[in-house]
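The next block holds one structure in the form of structure tokens; read it before the comments.
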Amino acid sequence: MLILLAFIIVFHITSAALLFISTIDNAWWVGDNFYTDVWRMCSMNTSTCMAITDQFREYQSIQAVQATMILSTIFCCVAFLVFILQLFRLKQGERFVLTSVIQLLSCLCVMIAVSIYTDRHEELHKSHEYSIEVSEGRYGYSFVLAWIAFAFTLISGVMYLILRKRK
């Protein structure tokens, strides 16, 4: 049982780390001479970064992605704290339902953020407000990490739902 508990804790911490990296790191959309995410666009040629502000045509979509990624990270961290509290508070045989619900909310937020970005990426990168041409790019590793974090939070949410407190 102790090994299972250690695995669940490591899996949850990995999920949180993936969410932090994908939210913070600047590699959602990359090209040969630029990289961009939901916060800023950077040019490798001039080594300058430009914040994505309300001057951009699709700023509302970017704000939705920003908000849901931040919410997913917060929900994941709160779920871990609730799990630790429930580990010591729940009676034997009860399920970690509250932890599961919070973790599944985190999963839902990641799915919403990545789905919005996937759906709106063409409009986001055709904006004339960018200082360089960013439409010729590809999804970066932060975008891929966000999808992996979605899978991890979904799996851990289901694990918490199934998990019973045993001796």
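Residue pairs whose Cβ atoms lie under 8 Å apart, separated by 6 or more positions or on different chains, with the first residue in the stretch 62-79 and under 14 Å from residue 102 (Cα atoms) and the second aromatic (Phe, Trp, Tyr), are 73/20; 79/160. Scanning the stretch 144-166 for residues that are more than 20 Å from residue 29 (Cα to Cα), in a helix (DSSP H, G or I) and among the hydrophobic types (A, V, I, L, M, F, W, C) turns up 151, 152, 154, 155, 158, 159, 161, 162. Within the stretch 6-29, the set of residues being open to solvent by less than 40 Å² (accessible area, probe 1.4 Å) and either more than 20 Å from residue 110 (Cβ to Cβ) or in contact with a Pro (Cβ under 9 Å, 6 or more places away or on another chain) (or both) is empty. The residues of the stretch 112-142 that are at pLDDT below 80, in contact with a Phe, Trp or Tyr (Cβ under 8 Å, 6 or more places away or on another chain) and assigned to a helix (DSSP H, G or I), listed by number, are 121, 124, 125.
Return yes when residue 79 is in contact with a Phe, Trp or Tyr (Cβ under 9 Å, 6 or more places away or on another chain) and crowded, with 20+ Cβ neighbours inside 10 Å and no when it is not.
Values: in contact with a Phe, Trp or Tyr (Cβ under 9 Å, 6 or more places away or on another chain): yes; crowded, with 20+ Cβ neighbours inside 10 Å: yes.
Spelling it out, residue 79 is indeed in contact with a Phe, Trp or Tyr (Cβ under 9 Å, 6 or more places away or on another chain) and crowded, with 20+ Cβ neighbours inside 10 Å.
The values are calculated or read from the model by the stated rules, or taken from the named source; none is laboratory data. Quick caveat, the model's predicted, so the values are computed rather than measured. Every residue, glycine among them, receives a Cβ derived from its backbone with ideal geometry; neighbour counts consider all protein chains shown. Protein only, heavy atoms only, side chains kept; ligands, DNA and RNA dropped before computing areas. Shrake-Rupley method; radii C 1.70, N 1.55, O 1.52, S 1.80 Å.
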